[in-house]
Amino acid sequence: MQIIIENLTFETIVGILEKERHTSQKVVLHVKISYDYDGNNVIDYAKVSAFLETEMNQLRYLLLEDALIDLSQKLKILYPQMSKIKLKIFKPDILSNAMVGVSHTVDYTKN
């Protein structure tokens, strides 16, 4: 089974530049989580979405790369049945002609 969250959009403090540390900016997240579904171990996409937004707002990451690693690890703790996660975070307003960001994939079946 796989849950997909696309275009989770909110404002948060993220970045290393002085302006980024004081002014919220829009981020867009895309998430794919694979897990073995047996009728009981559902992963609630609404809870995952709320968790991601809350964590990013509370922790105010310096780098998107650090956010990806930390959020992926925390989601695995919350949802041990997760077998794979692909998480992307974009900053859509950084460049006028592109949506830029970073991506992180962890396959827990290989670890």
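Structural remarks
- Extreme residue, nearest to the chain's Cα centre (by Cα), among residues of the range 18-29 that are outside any strand (DSSP E or B) and surrounded by fewer than 16 Cβ atoms within 10 Å (Cβ to Cβ): Ser24
- From the options Ile85, Ile89, residue that is surrounded by 14 or more Cβ atoms within 10 Å (Cβ to Cβ) and within 19 Å of Arg21 (Cα to Cα): Ile89
- Applying the condition of being surrounded by 13 or more Cβ atoms within 10 Å (Cβ to Cβ) and polar (S, T, N, Q) to the range 38-67 and asking which residue is modelled with the lowest pLDDT yields Asn41.
- Matching option when the condition is part of a loop (DSSP other than H, G, I, E, B) and more than 16 Å from Phe51 (Cβ to Cβ), among Thr105, Thr109: Thr109
- Boolean, Leu87 is outside any strand (DSSP E or B) and free of Cβ contacts under 8 Å to residues at least 60 places away in the same chain: no
- Assessment of the range 30-50 against the conditions (assigned to a strand (DSSP E or B), under 21 Å from Val106 (Cα atoms), in contact (Cβ under 8 Å) with a residue 24 or more places away in the chain and of a type in the set (Gly, Ala, Ser)) yields at least one matching residue.
- Complete set of residues in the range 52-103 that are of a type in the set (Ser, Thr, Tyr) and within 13 Å of the chain's Cα centre (by Cα): Thr54, Tyr61, Ser72, Ser103
The values are calculated or read from the model by the stated rules, or taken from the named source; none is laboratory data. Please read these numbers as outputs of a predicted model, since none were measured by experiment. Please note: Cβ atoms are built from the backbone with ideal geometry, for glycine as well, and neighbour counts cover all protein chains shown.
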